[in-house]
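Visitor: Dumping the structure here so I can ask a few things about it.
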Amino acid sequence: MYKRPVYKTLLKRLSEQRRFIQVLAGPRQTGKTTLARQLMDALKLPCHYATADEPVLKDLVWIEQQWETIRAKTGKTRRRKALLVLDEIQKISGWSETVKRLWDEDTLKGISIHVVLLGSSPLLVQRGLTESLAGRFEVIPVTHWSYAEMRDAFGWDVNQYVFYGGYPGAASLIDEPDRWRSYITDSLIEPAISRDILLMSRVDKPVLLRRLFELSCLYSGQVLSYQKMLGQLQDAGNTTTLAHYLELLKGAGLVMGLQKYAGQHIRRRASSPKLLVLNTALMTGLSNLTLEEAKGDSEYWGRLVESAIGAALANGIAGTDMELFYWSGRNREVDFVLKRGRFLTAIEVKSGRKKVTLPGMKAFSREFRVSRNLLVGRGGIDIEEFLLTPPGRWVE
């Protein structure tokens, strides 16, 4: 069975003498549970896996029960080292305080239970970590699968990745377009919205959130003001609500609103966002196009390519000190701006898409100190080569 690169990172951390709670946070269907089970097989320790993502309501007592289960296993084997995996932990209100208490009890008694927490809502997981578990945890982002991973695991070429995206569970269905689209919408999009967002966060206008998601997929790769969004959505809401809903959708690993680079945080927040899917399957899964039909539509294919580049950058910098923006000014635009410290890399994507704005590399370079200017696509870095290169390479 294919093992993601993050597997080695987690295996190394769990093999170290010093204990930390390992937190795997990322979208649904990115292989967190499979990764945990691979580790359970590899470590050869007493292990226990349990998930809160079940119909029966779970509470804080459930966490204690699972903890006592792994404690009992350590007693039977006379080994004081074991592994406990708790899945969908964010679905239990107040989970972090109970985990902290039980973790500290084991530490005091010298019981070396390694704990791995899995969560499909990174925003809620992070909230619990910062509230209670300071100094006790390490976060490992588990993002959508990269082109390199889908190529190595399923033999895909770059065009397949651009169209079908990075969902491993859907890979076996690509020869049956209707089944593939149903899987994307029914098994991925709907649970992410209804179970990871609407059930876990306060959303006063759930219909607006759903329509905002669809709009973000339709306009992925384009800058759209909040006022224009409200007009498209035909809703009398406010821009603050839309910005909040975009953050929730980003937290579920669906779409995000990329902020404009301005060198000043206040100005960035006030800018119109560039909508971006975090997995291109979210665009194509809502369409009725086949791969060949999409490739034959240069405008649509161009937006797919640009979205694939943007998603690769956004997913690739998760958990790092890098930041991703776009830039625009006086009808000129830079597709993506990658930042690490003072190192700025401007990225223009030549995808065949007709843009209403002009290339803005020169204008951007006049306003800011740019370290590198990259052209991706026709006449520049090959799209496949760019997708195979870790984002950190472009800011060093």
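Every number here is computed from the coordinates shown, using simple stated rules; none is lab data. This is a predicted model, so every value here is computed, not measured. So basically every Cβ, Gly included, is an ideal-geometry build from the backbone, and we count neighbours across all protein chains shown.
Visitor: Return one number: the angle in degrees, 0 to 90 and rounded to the nearest 10, between the long axis of the Cα atoms of helix 5-15 and the longest principal axis of the Cα atoms of the chain.
Guide: 30 degrees
Visitor: Then there is this: Grab the Cα-Cα distance for D175 and N288, subtract it from 0.36 nm times how many residues apart they are, and report the gain in nm with one decimal.
Guide: 39.2 nm
Visitor: Determine, from the Cβ-Cβ distance of D41 and E214 and an R0 of 51 Å, the FRET efficiency 1/(1 + (r/R0)^6), rounded to the nearest 0.05.
Guide: 0.80
Visitor: Follow-up. Cα axis of helix 239-251 to longest principal axis of the chain: angle in degrees, 0 to 90, nearest 10?
Guide: With both axes taken from Cα atoms, the answer is about 60 degrees.
Visitor: Sticking with this one: Taking 7 Å along the Cα-to-C-beta vector as the label spot, tell me the A134-R378 distance in nanometres, rounded to one decimal.
Guide: 5.4 nm
Visitor: Could you run the Karplus curve 6.51 cos²θ - 1.76 cosθ + 1.60 with θ = phi - 60° over the stretch 328-333 and give me ³J(HN,Hα) per residue in whole Hz, x for Gly and Pro?
Guide: Taking θ as phi minus 60°, the curve returns 8, x, 6, 6, 10, 9 Hz for the stretch 328-333.
Visitor: Taking amide H positions as placed in the peptide plane 1.01 Å from N, state which residues far from I140 in sequence (5 or more) or on other chains have amide H under 5 Å from it.
Guide: Here the answer is V23, L24, A25, since their amide H atoms fall under 5 Å of that of I140.
Visitor: Apply 1/(1 + (r/R0)^6) to the Cβ-Cβ distance of V61 and L199, taking R0 = 30 Å, and write down the FRET efficiency to the nearest 0.05.
Guide: Once the sixth-power term is evaluated, E becomes 0.90.
Visitor: Taking every pair of alpha-carbon atoms in the stretch 78-234, what share in percent sits in each 5 Å bin, from 0 to the bin with the longest distance?
Guide: In whole percents, the pair-distance histogram is 1, 7, 12, 13, 14, 15, 13, 11, 7, 4, 2, 1, 0, 0.
Visitor: Determine, from the Cβ-Cβ distance of V207 and A153 and an R0 of 45 Å, the FRET efficiency 1/(1 + (r/R0)^6), rounded to the nearest 0.05.
Guide: 0.75
Visitor: Give the angle, between 0 and 90 degrees and rounded to the nearest 10, that separates the Cα long axis of helix 60-77 from the longest principal axis of the Cα atoms of the chain.
Guide: Value to nearest ten degrees: 60.
Visitor: Do you know the relative contact order of the chain, to the nearest whole percent, from alpha carbon pairs under 8 angstrom that are 6+ apart?
Guide: 14 percent
Visitor: Charges at C-beta only: +1 for Lys and Arg, -1 for Asp and Glu. How large is the resulting dipole of the stretch 5-141 about its Cα centre, in Debye rounded to 20?
Guide: That gives a dipole near 700 debye.
Visitor: Give the dimensionless ratio obtained when the Cα radius of gyration of the stretch 183-245 is divided by 2.2 N^0.38 Å.
Guide: Against the compact-globule rule of thumb, the ratio is 1.14.
Visitor: Additional query: Would you please report the Å³ per residue occupied by the convex hull of the alpha carbon atoms in the stretch 20-68?
Guide: Value for the stretch 20-68: 115 Å³ per residue.
Visitor: Taking every pair of distinct Cα atoms and averaging 1/r, then inverting, what Kirkwood hydrodynamic radius in Å comes out for the stretch 260-329?
Guide: 13.9 Å
Visitor: State, to one decimal in nm², a quarter of the convex hull surface area for the C-alpha atoms of the chain, i.e. the direction-averaged projected area.
Guide: Quarter of the Cα hull surface area: 20.3 nm².
Visitor: Please report, for the Cα atoms of the stretch 5-141, the Rg to one decimal and the Dmax as a whole number; what are they, in angstrom?
Guide: Radius of gyration, then largest Cα-Cα span, for the stretch 5-141: 13.7, 38 Å.
Visitor: Can you give the charge dipole size of the chain about its Cα centre, rounded to the nearest 20 debye, using +1 on the beta carbon of Lys and Arg and -1 on the beta carbon of Asp and Glu?
Guide: 1400 debye
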